[in-house]
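Let me begin by presenting the structure, written as structure tokens, before commenting on it.
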Amino acid sequence: MAILIILCLLLAPIASTADHIAPQSDRIKTIRSLKKLDEFPLYTMRFYGDYDLPDYAHDASFPKNMRDGISYGDLSSWACTCFSAKTEQGIQILGRNFDWNDHPALLLFTDPPKRYASVSMVDISYLGYAKSDSPEKNPGGLFRSPLLPFDGMNEQGLAVGMMALPTAKAPQDPKKQTVSSLLIIRMMLDYAKNVEEAIAIIENFNIDFQGGPPLHYIITDRSGKSVVVEFVNHKISVLRNTHPWQVVTNFIMTGLSQENSLASCWRYKKVWETLENQVTMASLSNALSLLKDVSQSNTIWSAVYDTSSLDFLVVMGKKYGLVHEFNLKQAVSDQ
């Protein structure tokens, strides 16, 4: 199945921009669905119809200004935390803190033809929007939002998160096409129904980190499988979960003992020891509380994905008393 997915990706016709694919009626419905949910601000939008995946030869969807003025060797002031775990009911979840600069966010629902429906979080500053802007007054940039997922989950229960690293050296095979470090998340959400298919997608493309910080990824699905995918010495390293949980922050885990991992990051240690003691999360709210415990001054959002029910919780700007709740199936079925 994974091979067929890759062939479809490689053989699919691709146009050059997202703007001209959607009929005018779909564009109007998309913009009409845009809503401001809180004052952080967080917006939500349902993308109607298809969107264009850019030419697989270099894509610039992780914009240059994301790396300007940032030293990736110092992760003390910005970072991210992700973990996969099970609830007491045996449901696989993904928890994620996105720690970055103070930017506006978009919760995006997509359901493209012949691909999987998904929900994803997008930092829309990289689409040209400041926190003080009103995207509904100038919505053109939002038509590129499907190409910039920072984390997300699809209707098959595949959930993906990414975290920055000081370095990531991905293989560069001249026989393979190259995609950006965020576009590969979109491809996983659109085409992979489980962890193995997501790994196959990563393995069949070169990933370009030149437009943003080096990354590694955590991927989980409703079966309970979870992996961390890293890029070390121009090779892909797949670290599979050996416990009912898996934790990842902002250090390279490949070749590192568990003892050294625990000593590498206080957030990693806190989440690991909590999951080791509890084994399961009592609820999505319990997972959100753990994210609160490891949040930082620059945590933009905290999110929890339920790979079974497809429920999704998000908190903006550490306001854990204001939890936004959604369901992927309900969101994409609403017309």
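Rule-based calculations on the coordinates, nothing more; no lab input. None of the values given here were measured: they were computed from a predicted structure. Methodologically, a virtual Cβ is constructed for each residue, glycine included, from the backbone with ideal geometry; neighbour enumeration extends over all protein chains shown.
Things worth noting here:
- Ranked list, fewest to most other Cβ atoms within 10 Å of each Cβ, for I28, I300: I28, I300
- Relative contact order [Cα under 8 Å, 6+ residues apart], the range 214-312, whole percent: 17
- The overall shape of the range 2-333, judged from the alpha-carbon gyration tensor, is rounded, with an a/c ratio under 1.5.
- Of the beta bridges in the chain, as assigned by DSSP with both residues counted there, near 85 percent are antiparallel.
- Loop-located trypsin sites (Lys or Arg not before Pro) across the range 161-234 with a Cβ neighbour count of 15 or fewer within 10 Å are K169, K175, K176, with loop assigned by DSSP.
- For E197, E88, order by how many other beta-carbon atoms lie within 10 Å, fewest first: E88, E197
- Cα gyration tensor shape for the range 82-135, rounded if a/c is under 1.5, else prolate or oblate: oblate
- Total formal charge among the other residues, if their Cβ is under 14 angstrom from that of T81, Lys/Arg +1 and Asp/Glu -1: +2
- The range 159-201: C-alpha gyration tensor shape, a/c 1.5 cut-off, then a/b vs b/c: oblate
- The chain: relative contact order as a whole-number percent, Cα under 8 Å and 6+ apart: 21
- Estimated [θ] at 222 nm from DSSP helical runs (n ≥ 4, -39500 (n - 2.57)) normalised by residues in the chain, nearest 500: -6000 deg cm²/dmol
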